[in-house]
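Encoded as structure tokens, the structure appears first; notes follow it.
The values are calculated or read from the model by the stated rules, or taken from the named source; none is laboratory data. None of these values were measured; they are calculated from a predicted model. Methodologically, a virtual Cβ is constructed for each residue, glycine included, from the backbone with ideal geometry; neighbour enumeration extends over all protein chains shown. Side chains are part of the model used for accessible areas, which takes the heavy atoms of the whole protein and leaves out ligands, DNA and RNA. Shrake-Rupley method; radii C 1.70, N 1.55, O 1.52, S 1.80 Å.
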Amino acid sequence: FSSDANAYRIKLCDPPLNILDVAMLDELRDAVARVAHDRHALIIDAQGEKAFSAGASVQDHLGDRVATMLGHFHDCFRMLAKLDVVTVALVRGAALGGGCELALGCDFVLASERAKFGQPEINLGVFPPVAAYQLSRQLAPRKGLELLLTGDTIDAVAAERLGLVNAVFPFAEF
């Protein structure tokens, strides 16, 4: 978490995949809470080039950890939705599953030409409720359903064409 005169920045710092585990979600909730009543913009970024976030931790979806994990995960999205500041996701690499949901939970999504977006949960036999909500309000219903039910990953240009991404930039300039 850092700030300057114009923006706060939250950086996911567990490369190469920046998996959203319970510890990272706790830190994310704390950081979002710190900007809840400010007038700065909030930028969510990630360390590394391979992934913005490859999603939520599979290990934290098991046994006695799943309720805590899902509670923290959903808290992050409720908090983001209530912010009175503009939120921007900067996506360099893969934004998959929970990572895609995190990016789409922001007001603006800026992507490098190497970014990829997808909801592969269906391939694990589970359903992503946050993505179901986001995609149903951000895309034409059939296209959102297609992404949810096929588990397909799309590149940044396709995501921009669908309206999931605001702009795509050359990787070297991003």
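Kindly report, to the nearest 10 Å², the accessible surface of residue 38 as traced by a 1.4 Å probe over protein heavy atoms only.
50
Near residue 116, which aspartates and glutamates are there with a Cα under 19 Å away, not counting those fewer than 8 places off in the same chain?
Within the straight-line limit of under 19 Å, residue 116 reaches these aspartates and glutamates: 14, 45, 49, 101, 107, 146, 152, 155, 160, 173.
Bins of 10 Å, beginning at zero and ending with the bin holding the largest distance: percent of Cα pairs per bin for the stretch 1-133, please.
Reading the bins upward from 0: 13, 47, 34, 6, 0.
Using heavy-atom solvent-accessible surface (probe 1.4 Å) with all chains present, what is the largest-first order of 45, 21?
Largest accessible area first, the residues go 21, 45.
Based on DSSP H runs of at least 4 residues, each adding -39500 (n - 2.57), what is the mean residue ellipticity at 222 nm of the chain after dividing by all its residues, to the nearest 500 deg cm²/dmol?
After summing the helix terms and dividing by residue count, I get -11000 deg cm²/dmol.
Relative to the Cα centre, what is the charge dipole magnitude of the stretch 128-174, using +1 at the beta carbon of each Lys and Arg, -1 at the beta carbon of each Asp and Glu, and rounding to the nearest 20 debye?
Here the stretch 128-174 has a charge dipole of around 260 debye.
Rounding to the nearest 20 debye, state how big the charge dipole of the stretch 43-126 is about its Cα centre with +1 on each Lys and Arg Cβ and -1 on each Asp and Glu Cβ.
Computed charge dipole of the stretch 43-126: roughly 140 debye.
Computed over the Cα atoms, what is the radius of gyration of the stretch 1-78 divided by 2.2 N^0.38 Å, N being its residue count?
Relative to the rule-of-thumb radius for its length, the stretch 1-78 sits at 1.15.
For residue 91, what residues show an amide H to amide H distance below 5 Å, using hydrogens built from the backbone and excluding near sequence neighbours?
Answer set, sorted by chain and number: 110, 111, 112.
Ignoring everything but the protein chains, give the 1.4 Å probe accessible area of residue 79 in square angstrom, nearest 10.
It works out to around 60 Å².
What does the C-alpha gyration tensor say about the overall shape of the stretch 74-146? Classify as rounded when a/c is under 1.5, otherwise prolate if a/b is larger than b/c, or oblate.
Oblate.
What is the stretch 1-138's relative contact order, in percent, from Cα pairs under 8 angstrom and six or more apart in sequence?
Relative contact order of the stretch 1-138: 24 percent.
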